[in-house]
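Remarks on the structure that follows.
The values are calculated or read from the model by the stated rules, or taken from the named source; none is laboratory data. The model shown is predicted, which means the values in this text are computed figures rather than measured ones. Reconstructed Cβ throughout: ideal geometry from the backbone, glycine too, with neighbour counts over all protein chains shown. Keep in mind that these areas ignore ligands, DNA and RNA; they rest on the heavy atoms of the full protein, side chains included. Shrake-Rupley method; radii C 1.70, N 1.55, O 1.52, S 1.80 Å.
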Amino acid sequence: MSVCYETRFRVDSRDVDLFNQCRPSALLGILQEAATQAALELGVSGPEIRRKYNCLWMVTRSWVELDGPIRWNDLLDVKTWHRGASGVSSYRDFDLFREGKPIGQGTTVWVMADVDSRKLFRMKDLAEFRGTDGGERNKSVKLRRIPMPEVFDRRTRRDLRYSDTDINGHVNNVHYADFACDSLHLEELGKGKFVRSLQIGYVNECRAGEAIWVDTAARGDELLARGEGEDGVERFEFALNLADL
């Protein structure tokens, strides 16, 4: 049985930036909420997998591609489904529509980690997923590590606080996009542009009270950022492509 979950979001004033465009973090938040609602529908919500498997859902990579800008008060229809499970991870795909017309697509990679040990659960053993993938809808996009430059242009320190955290006790994944866009000074680089695509990889967890260093660089039309803890351990990687309006 192929399962596709459909939901609708209105882009509100909290989601848009100084250019009246949906911020990358807000867009990732919409995908995350759609995934959460789909998980509820399948009986694999956060509380349910914690009770059944003593695990947490964690997103490890996200990718979004847009055909044009998303603005305040836009109604977005989101269709989402998972691709089944392979090893310790599962892809979840998304199609985005505005007024019935395709506006973008995305995919995310999820894992289930043990609450105590953070050991990864074998996703193929998740009985609730059997026979509920997207079937012919499944995308072919595969997300891999983002190649980072050997030398960066700028380094910025970021302190992590209560407002960055989520129900799992670590920094919520959507906030990493804010860290990257702030350090890249998108308020300057984004003039007359829109976010054509972005990819983010979550390498290691961050928690409130920690600080990270965000290194940034440009490679042609691609903007890059890498987050690193004060211990020198990489925390996230980020790539963003802008296009002219």
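Placing +1 on the Cβ of every Lys and Arg and -1 on the Cβ of every Asp and Glu, with nothing else charged, gives the stretch 148-187 a dipole about its Cα centre of roughly 160 debye.
Rolling a 1.4 Å sphere over the protein heavy atoms, what is the accessible area per residue of the chain, to the nearest Å²?
For the chain, the per-residue accessible area is 49 Å².
Using a probe radius of 1.4 angstrom, the carbon and sulfur fraction of the accessible surface of the chain is 47%.
Take ARG155: with every protein chain present and a 1.4 Å probe, its accessible area is about 110 Å². Ranked by solvent-accessible area (1.4 Å probe, protein heavy atoms only, all chains present), the residues VAL214, VAL115 order from largest to smallest as VAL115, VAL214.
Extending 7 Å from the Cα toward the beta-carbon at both LEU40 and VAL151 defines two label points whose distance is 5.1 nm. One equal scatterer on each Cα of the chain, no solvent, Debye formula: the resulting log10 I(q)/I(0) at q = 0.08, 0.11, 0.15 Å⁻¹ is -0.30, -0.58, -1.10.
Placing +1 at every Lys and Arg Cβ and -1 at every Asp and Glu Cβ, with all other atoms neutral, what dipole size does the stretch 95-161 have around its Cα centre, in debye to the nearest 20?
320 debye
Of the trypsin sites (Lys or Arg not before Pro) found in the stretch 173-233, those in coil by DSSP whose Cβ has at most 15 other Cβ atoms within 10 Å are LYS191, ARG207.
Under 18 Å from a point 7 Å along the Cα-to-Cβ line of ASP67: which residues of the stretch 92-119 have their amide N that close? Hits in the stretch 92-119 for ASP67 at 18 Å: 94-107. Among the trypsin sites (Lys or Arg not before Pro) found in the stretch 1-84, those both in a DSSP coil and sparsely packed, with 10 or fewer other Cβ atoms within 10 Å of their Cβ, are ARG14. The distance between label points at ASP114 and GLU188 comes to 4.8 nm (points 7 Å beyond Cα on the Cα→Cβ vector).
Compactness of the stretch 172-245, taken as the C-alpha radius of gyration over 2.2 N^0.38 Å, stands at 1.11.
Cβ-Cβ distance of ASP125 and ARG161, R₀ of 35 Å, FRET efficiency by 1/(1 + (r/R0)^6): the value works out to about 0.40. Separation of the stretch 34-106 and the stretch 191-210 by C-alpha centroid, Å? First find each Cα centre; the distance between them is then 17 Å.
Each Lys and Arg Cβ is given +1 and each Asp and Glu Cβ -1; about its Cα centre, the chain then shows a dipole of about 580 debye.
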